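S.K.: Questions regarding the structure given below will be posed in turn.
The values are calculated or read from the model by the stated rules, or taken from the named source; none is laboratory data. Just so we're clear, the structure is a prediction, and the values are computed from it rather than from any experiment. When we count neighbours, we look across all protein chains shown, and the Cβ atoms used for this are built from the backbone with ideal geometry, even at glycine.
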Amino acid sequence: MKKLYLSLMACFFVLAVSAQSFRYQGFSGGMMLHAGYVQSKSSQAYFEGYQSLCQGVGGAARVHFGKYLRLGGEGYVSSANYDANESYVSLGWGGVLADVALPLKKWTLYAGGSFGGGSVQHLQRNRPLENDFIPDLSSNYRHYATMLLTPYVGVEYALNDGIHLTAKIDYAMPMAKDKQSICDFPLGPRLYIGFLFYHTNP
């Protein structure tokens, strides 16, 4: 799946670059809120699988080249509480991005992806927390880092020349060779909504 995605994106970028002059056209950036559904069906010795809604915030910045190609970076934080014991999992990640945009009057469709790193914190409580000052030996905690590949598709609507409303869907995929080490990674789609500020050539 990851190899197919990378191959398709490479084709898109080759077509985009070959169809235009690779000339700087300005930049854009902004913030987005997101919500989604994440789960981990795998279990290991001390952690059970989970599923939950998640929410978070982050942003992206892009440099525009020609009519279609955009390069930049993004970063987000996403968290989920998933049982009555206040267990939680959080993911913070960021990386470089590349996408291809198709402008259609006030609308812009885009597809691309980012590559970078992320950090997962996961606290699973097996019973309710009774006292903040008493050690809870029934809880399990993990904190680890992993490389991430995050494909996305989205749409923008131009409120005016300088402000765009945007929505996108992505899916963060860990790239660790040892699958057991990331068995509790929060997999699932996320929906983003936010504003982008444009400073581009007409």
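S.K.: On the given criteria, is residue 165 in contact with a Lys or Arg (Cβ under 8 Å, 6 or more places away or on another chain) and either at pLDDT below 95 or not β-branched (Val, Ile, Thr) (or both)?
M.R.: No; evaluated as a whole, the condition is false for this residue.
S.K.: Being free of Cβ contacts under 8 Å to residues at least 60 places away in the same chain and surrounded by 14 or more Cβ atoms within 10 Å (Cβ to Cβ) is the filter here, so list the residues in region 118-132 that pass it.
M.R.: Matches in region 118-132: 118, 119, 121, 123, 125, 126.
S.K.: Next question. In region 159-186, what count of residues is obtained for those that are part of a strand (DSSP E or B) and touching a Phe, Trp or Tyr at 6+ places or on another chain (Cβ under 8 Å)?
M.R.: Selection size over region 159-186: 10.
S.K.: So residue 71 passes all but one of these: (1) over 30 Å from residue 128 (Cβ atoms); (2) buried (at least 20 other Cβ atoms within 10 Å of the Cβ); (3) without any contact (Cβ under 8 Å) to a residue 40 or more places away in the chain; (4) more than 13 Å from the chain's Cα centre (by Cα). Which condition number does it fail?
M.R.: Condition (2) is where residue 71 drops out.
S.K.: May I ask you to list pairs of residues, at least six apart or on different chains, whose Cβ atoms are under 6 Å apart, with the first in region 173-187 being over 11 Å from residue 40 (Cβ atoms) and of a type in the set (A, V, I, L, M, F, W, C) and the second being assigned to a helix (DSSP H, G or I) and modelled with pLDDT under 90?
M.R.: Going by the 6 Å Cβ cut-off, the qualifying pairs are 176/182.
S.K.: Across region 99-144, what is the number of residues that are among the β-branched types (Val, Ile, Thr) and either part of a loop (DSSP other than H, G, I, E, B) or more than 30 Å from residue 196 (Cα to Cα) (or both)?
M.R.: 1
S.K.: If you scan region 75-117, which residues turn out to be out of contact with any Phe, Trp or Tyr (no Cβ under 7 Å at 6 or more places or on another chain), among the β-branched types (Val, Ile, Thr) and surrounded by fewer than 17 Cβ atoms within 10 Å (Cβ to Cβ)?
M.R.: 77
S.K.: Sort out which residues of region 49-81 are assigned to a loop (DSSP other than H, G, I, E, B) and of a type in the set (Phe, Trp, Tyr), and write them in order of number.
M.R.: Once the filter is applied, which keeps residues that are assigned to a loop (DSSP other than H, G, I, E, B) and of a type in the set (Phe, Trp, Tyr), region 49-81 yields only 68.
S.K.: For the structure I just gave you, tell me whether residue 63 is surrounded by 18 or more Cβ atoms within 10 Å (Cβ to Cβ), of a type in the set (A, V, I, L, M) and at pLDDT 70 or above.
M.R.: No; evaluated as a whole, the condition is false for this residue.
S.K.: Okay, next question. Residue check, residue 85 against (1) farther than 14 Å from residue 148 by Cβ; (2) part of a strand (DSSP E or B), all met but one. Which one?
M.R.: In the conditions (1) farther than 14 Å from residue 148 by Cβ; (2) part of a strand (DSSP E or B), residue 85 misses (2) alone.
S.K.: Please go through region 89-107 and pick out each residue that is out of contact with any Ser or Thr (no Cβ under 6 Å at 6 or more places or on another chain) and within 28 Å of residue 139 (Cβ to Cβ).
M.R.: Once the filter is applied, which keeps residues that are out of contact with any Ser or Thr (no Cβ under 6 Å at 6 or more places or on another chain) and within 28 Å of residue 139 (Cβ to Cβ), region 89-107 yields 89, 93.
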